[in-house]
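The values are calculated or read from the model by the stated rules, or taken from the named source; none is laboratory data. Note that this is a predicted model, so its numbers are computed, not measured. Cβ placement follows ideal geometry from the backbone for every residue including glycine, while neighbour counts extend to all protein chains displayed. Please note that ligands, DNA and RNA were not included when accessible areas were found on the heavy atoms of the full protein model with its side chains. Shrake-Rupley method; radii C 1.70, N 1.55, O 1.52, S 1.80 Å.
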Amino acid sequence: MSGLFAELKRRNVIRMAGLYLLGAWLIAQVAGTLLPMFEAPGWVARTIIVLLAIGFAPALIFSWIYELTPEGLRRDANVPPERSIARQTGRRIDFAIIGLLLVALAYFAFDRVALEPRRIVQARAEAAQPAPRDAQAERSIVVLPFADMSQAKDQEYLSDGLAEELLNLLSRVPQLRVISRSSAFSYKGKAIDLGTIGRQLEVAHVLEGSVRKAGNAVRITVQLIDARTDAHIWSETYDRPLDNIFAIQDEIAAAVVSKLKVTLLGAAPKAAVTDPAAYTLYLQGLEQGRIGSAEGLDAATKMFEQALAISPDYAQAWEALGHAYLSQVARGMRDVEQGTRLAREAANHALALSPDLAKATADLAWIANAYDRDLAAAVRYAERALALDPGNVQVLFAAGLSARSLGRLDAAIMIYKRQIVLDPANPGPHGTLGKALALAGRDAEAIASFRKLIELSPDYAGARHWLSLVLLKDGHDRAAAEQALTLATAEPGPCYRLETFAMAYHVLGRTAESGAALAELTATCEEPASYNIAYAYAFLGDADHAFAWLEKALQHNDIGLPEVISQPMFAPIHNDPRWLPFLRKIGRAPEQLAAIPFNVTLPQ
């Protein structure tokens, strides 16, 4: 090896390698500086680099084979030792290397002193230029809650309601991406500048305003702002009697559509006109219903009923009344049979008056899926609702549930992702997306969605339990079970917490603690969690109790049943002879689901 190294030195191969690499580096640096000045295409610089790399090996081979002599190039093997001038050639190469080093140092100094400041100035100038605006980004908007400027500050229901009505009106324009109410209203009362709101919601425009009511007169001021530049695009003040408020909504929506240069494919959406007193009760009912408590929902149903007593043909009030009944059923505040009957009647009444009410259609999809166990009807309603209003998050939720119930998890994931685009600050859609991803076996993405849900709403009941299900799915991972126990201690939902304890302790082999948690769970959570208890027993390997609790879930119309076909926790009982007959009984057997088409088309 030492002999080879000595021969490489004698033939100046090592010096030639250093000279070549230094020269190649200098050529690459100069090319990288000069070529952009002449707007040379990128392939030119790449070609130079490739050629320099290719030439390295031939240069070394040439240096090994040939020697420079006073008579010119000769093969090294043919040069007698007394005629060799390899040592002198080596010194010349050394001088060449030193010269190139000096040139490189000079270039480096010139680059730092003269060229680098120019690049920084140019980069800053480019950064200051507004990003190119494509049509899709231009046509995005958030409607913030309007300020109540009334003297008594008692018209918040009107200011919030008007903003929401405008939001709903604009969301019916297919070419507009309109952020939903829950995300838009999450900024209410917060001192956040419009640019930050625009960046967080990824919208180009903000509509904000104020409402001042005095007697039967109302003053509404609105302004449309470019969130990226804080520039005012349009503003207007309306002084009208209260019974003219519906025309004002139409005017504002038309102005926004015009300013955003949206070309309507059909007629412009119009606000529903009704008696002003009924409208006031309707807005107050919406405000009460969003509280979510038993008292709030009870007050909401009474206000909607009062509005309908004044204006029996007010379709939107029928729609809202049906949804309030359904919310009471889902929260265990009203008997399932009675509540779903009332909700169905109200939704059908709304559609009889106005067949294009997407939210009423979506509620019928929810009822058919979760309570009637008529998945074919649920899909028909979901497709109709999507066709009517694909930008409504309530519609997207119902459509996502239908896709998930069919086991079409790719479609469900697509729908829930669309819901998040329209409602990014709402924790709920992150949870539904996480569940669909978990059911599809996309565990890493599911975990990320559940983490985002917990970040947005640390007290969200069920979030930590759903995350634990992903961790526990293997059934043998002790480290995952320890993580699940930690999550369970912070889980705000008592039934979810007990179920996680039962499953995690089982994985850890702590049989007594698992049994105690399961006993408490079955004693205290039968009606709200019978479906969950069924898959906990399946996970524990107790098929008999799992099927018994599935029957209880059927008896209680548990809203978890629609996902039974995809829930991985039931995997241990899939080969049980009772599994397929149960699925057929509830219309969820594979062949039954395959026979139901579901066409999902969402706007880009």
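Odds and ends about this structure:
- Filter pass, residue 379 being open to solvent by 10 Å² or more (accessible area, probe 1.4 Å) and either farther than 19 Å from residue 272 by Cβ or in contact with a strand residue (DSSP E or B) (Cβ under 9 Å, 6 or more places away or on another chain) (or both): no
- Out of 488, 461, one residue alone is under 20 Å from residue 524 (Cβ atoms), assigned to a loop (DSSP other than H, G, I, E, B) and touching a residue at least 24 places away in the same chain (Cβ under 8 Å). It is 461.
- Identity of the residue in segment 516-533, of a type outside the set (Ser, Thr, Tyr) and open to solvent by less than 40 Å² (accessible area, probe 1.4 Å), that ends up nearest to the chain's Cα centre (by Cα): 532
- Members of segment 448-458 that are farther than 22 Å from residue 568 by Cα and either of a type in the set (A, V, I, L, M) or not in a helix (DSSP H, G or I) (or both): 454, 456, 457, 458
- Checking residue 497 against (1) of a type in the set (Lys, Arg); (2) open to solvent by 50 Å² or more (accessible area, probe 1.4 Å); (3) not in a helix (DSSP H, G or I), the condition it does not meet: (3)
- Here residue 365 passes the criteria (1) more than 19 Å from residue 556 (Cβ to Cβ); (2) at pLDDT 95 or above; (3) open to solvent by 30 Å² or more (accessible area, probe 1.4 Å) except the one numbered (3).
- For segment 420-447, the set of residues classified as open to solvent by 10 Å² or more (accessible area, probe 1.4 Å), assigned to a helix (DSSP H, G or I) and either closer than 15 Å to residue 394 by Cβ or in contact (Cβ under 8 Å) with a residue 60 or more places away in the chain (or both) consists of 420, 421, 428, 432, 435, 438, 439, listed by residue number.
- In the set (1) at negative phi; (2) modelled with pLDDT under 70; (3) open to solvent by less than 50 Å² (accessible area, probe 1.4 Å), the condition left unmet by residue 72 is number (1).
- In segment 388-415, the residues that are among the small types (Gly, Ala, Ser), farther than 15 Å from residue 593 by Cα and either in contact with a Cys (Cβ under 9 Å, 6 or more places away or on another chain) or touching a residue at least 40 places away in the same chain (Cβ under 8 Å) (or both): 391, 399
- Being at pLDDT below 85 and out of contact with any strand residue (DSSP E or B) (no Cβ under 8 Å at 6 or more places or on another chain) is a description that applies to residue 264.
- Among residues of segment 552-584, those that are open to solvent by 60 Å² or more (accessible area, probe 1.4 Å) and free of Cβ contacts under 8 Å to residues at least 24 places away in the same chain, counted: 6
- Flag if residue 243 is open to solvent by 20 Å² or more (accessible area, probe 1.4 Å) and assigned to a helix (DSSP H, G or I): yes
- Taken together, the residues in segment 246-280 that are open to solvent by 30 Å² or more (accessible area, probe 1.4 Å) and part of a loop (DSSP other than H, G, I, E, B) amount to 11.
- Considering (1) of a type outside the set (S, T, N, Q); (2) crowded, with 23+ Cβ neighbours inside 10 Å; (3) modelled with pLDDT under 95; (4) within 30 Å of the chain's Cα centre (by Cα), the lone condition that residue 330 does not fulfil carries the number (2).
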